[in-house]
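Peer 1: Submitted below is the structure of interest, expressed as structure tokens.
We did not get these values from a lab; they are worked out from the coordinates using the rules stated. Note that the structure is a prediction, hence the values are computed from the model and not measured. Here the Cβ positions follow ideal geometry from the backbone for every residue, glycine too, while neighbour counts run over all protein chains shown.
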Amino acid sequence: MKNLLYIDGKWTGENLDKIPVYNPATGDLVSEVPKGGKEEATQAVEAASNAFEEWSNLTAYDRARLLKKYYDLMIENQDELAEIMTKEMGKPLAEAKGEVQYAADYIEWYAEQAKRIYGETIPTHNANKRLQVWKKPVGVVAAITPWNFPAAMLTRKMGPALAAGCTVVVKPSGDTPLTAIKLVELAEEAGFPKGVINIVTGSSSEIGAVFLSDSRVRKVTFTGSTEVGKVLMRQGADTVKKLSLELGGHAPIIVLDDADVDKAVDGVIASKFRNAGQTCVCGNRIYVQSGIYDEFVEKLARRTNQLQVGNGMEEGVDIGPLINQAGVDKVDKHVQDAVKHGAKVVAGGEQPEEKGNFYKPTIIKDATPDMLIMREETFGPVAPVQKFETAEEAVKLANNTPYGLAAYVFTDNVSVGTKIIEKLDFCIIGWNDGAPSAAQAPFGGMKESGLGREGGHQGIDDFLEIQYISIGV
Ligand code: NAP
């Protein structure tokens, strides 16, 4: 692998300072990447701007063919991509393979959607006019991605942008740049023209400042924390930057008395412990109705104790390390705070012996709304459970947050489930389903969880401008 910047069809940045990339399971150095900054970001924007005309003039069918080839290369290289991901990010190898497939799905889906960017003809009010709507690519897109899904968060942006006819500059997280660089290598192999896809690693604040202030960048698409999302929003004001923001979450899981308890436990395990609890849609607080509370907590604790913690490269591991020590500290702070406020740990609750950023999968019962863990995104393998009596009470507890990304409901009563979901202020709902994400579905949040949608046929809209034409005839 080259582990360099890719700008205007050339691998570059050999002479820049380097950023180390560590394996969070072992603390070992995995590799180094160049520390790009303002200059490199500007060069990449220039390259993307120069490439835009030729790329956007290709037919949708030509762009779709290249995207399809890219998809095939991702699948051919699934094992290598997964291994790179596990080494730099920590998730178990089987999960990393799953993420590569999920990431490739976005490329395949948008290869197909490229051919379905339809305009409109509007009935006229005047016999001497014809009214039409055309769709145009927005232009150069800058994408900033997080470490928790190093492949999928990139392709969820690149897929629709490239399909729409936009050119792209990517800035991956400094913690996980290697998967992103490998994906750009595969894009080069697929044959995308020079300048269409560029990648810059390095100082996030310098690179971000170029993206938000350069008027040639017509859209910035960001996935990461709400805190940084707000900074980017402020920075983009001067150029009225078009923004998509996929930000933090604090997902509630509501389990009603009539739910199938075993299925609900499975759903909570899937939602909470995937990626060691480091996903924006992870259930972060679990509300269980009083009639099944004791049975549910007992079964959940038993299942949780069976999960294997360890290096994601080893066979049979369910829970890998957290990304860094700060992640471990935050998890432990949430657990200690809950205990201080009267909650009881019924599984886990501490770091295991091994070296690395590990935390045992943890269940806390008798949580209350004043606890930190019930108010903040934990981003770790801890599930606090709180008892409730009525569906109305559960909805009120669930909505009491500035976030609005994902929520989960477990009930077999269609009428009760429907009424609860109608009242939930969240944009993604898993109903008897702990893993609702899919390339063909619109992903995104309301409130402080963000702006815009990624995935699904809706996900390409943010990369298109609507042009309205009134024709006098
Ligand atoms: P983060 O700290 O906000 O970083 C995200 C990206 O922004 C990284 O590439 C980071 O680069 C970059 N960045 C940081 N400061 C910046 C600045 N001032 N200007 C420009 N770029 C900047 O978030 P994270 O810790 O990587 O990811 C975890 C967060 O992402 C969680 O809150 C999670 O909920 C959210 N998330 C949301 C979704 C969704 O779809 N809604 C999906 C996944 C994750 P460096 O790392 O190199 O500094």
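Peer 1: Sorted from largest down, give the three principal axis spans of the alpha carbons of the chain, whole angstrom values.
Peer 2: Principal-axis extents of the Cα atoms in the chain, largest first: 70, 63, 40 Å.
Peer 1: Can you sort T304, T368, T12 by how many other beta carbons sit within 10 Å, fewest first?
Peer 2: Taking fewest neighbouring Cβ atoms as first place, the list is T368, T12, T304.
Peer 1: Could I ask something else about it? Measuring from a point 7 Å past the Cα of R234 along Cα-to-C-beta, which residues in the range 192-215 have an amide N at less than 16 Å?
Peer 2: 205-206, 208-210, 212-213
Peer 1: So what is the diffusion coefficient of the range 1-84 in µm² per second by Stokes-Einstein at 20 °C and 1.002 mPa s, using a Kirkwood Rh over Cα pairs?
Peer 2: Using the Kirkwood radius from Cα pairs, D works out to 137 µm²/s.
Peer 1: Same structure again: Could you calculate the contour length gain from K263 to V339, that is, 0.36 nm times the residue separation minus the distance between their Cα atoms, to one decimal place in nm?
Peer 2: Gain in length upon complete extension: 24.6 nm.
Peer 1: Assuming a viscosity of 1.002 mPa s and a temperature of 20 °C, what translational diffusion coefficient in µm² per second does Stokes-Einstein assign to the range 341-438, Rh being the Kirkwood radius over Cα pairs?
Peer 2: Rounded to a whole number, D works out at 140 µm²/s.
Peer 1: Mind pulling the angle between the C-alpha long axis of helix 293-305 and the longest principal axis of the chain? Nearest 10 degrees, somewhere in 0 to 90.
Peer 2: Once rounded, one gets 70 degrees.
Peer 1: In whole percent, what relative contact order does the chain give with Cα contacts below 8 Å and a gap of six or more residues?
Peer 2: 18 percent.
Peer 1: Further question: Please compute the modelled spin-label separation between T418 and K129, points set 7 Å along Cα→Cβ, answer in nm with one decimal.
Peer 2: Going by the 7 Å Cα→Cβ label model, 4.2 nm.
Peer 1: In addition: If you take the square roots of the eigenvalues of the alpha-carbon gyration tensor of the range 100-241 and sort them as a ≥ b ≥ c, do you get rounded (a/c under 1.5), prolate (a/b over b/c) or oblate?
Peer 2: oblate
Peer 1: On a 0 to 90° scale, report how tilted helix 177-190 is relative to the longest principal axis of the chain, with both axes built from alpha carbons and the result rounded to the nearest 10.
Peer 2: Orientation of helix 177-190: about 40 degrees from the principal axis.
Peer 1: Ok, one more. Give me D for the range 41-103 in µm² s⁻¹, whole number, from Stokes-Einstein with Rh from the Kirkwood sum over alpha-carbon pairs, 37 °C and 0.692 mPa s.
Peer 2: Translational D for this selection: 236 µm²/s.
Peer 1: Now, a different point. Can you compute the modelled spin-label distance between E14 and K38, with each label point 7 Å from Cα toward Cβ, in nm?
Peer 2: The two pseudo-label positions are separated by 2.7 nm.
Peer 1: Could you compute the FRET efficiency for N399 and T368, with r as their C-beta to C-beta distance and R0 at 22 Å, rounded to 0.05?
Peer 2: For N399 and T368, the calculated efficiency is 0.85.
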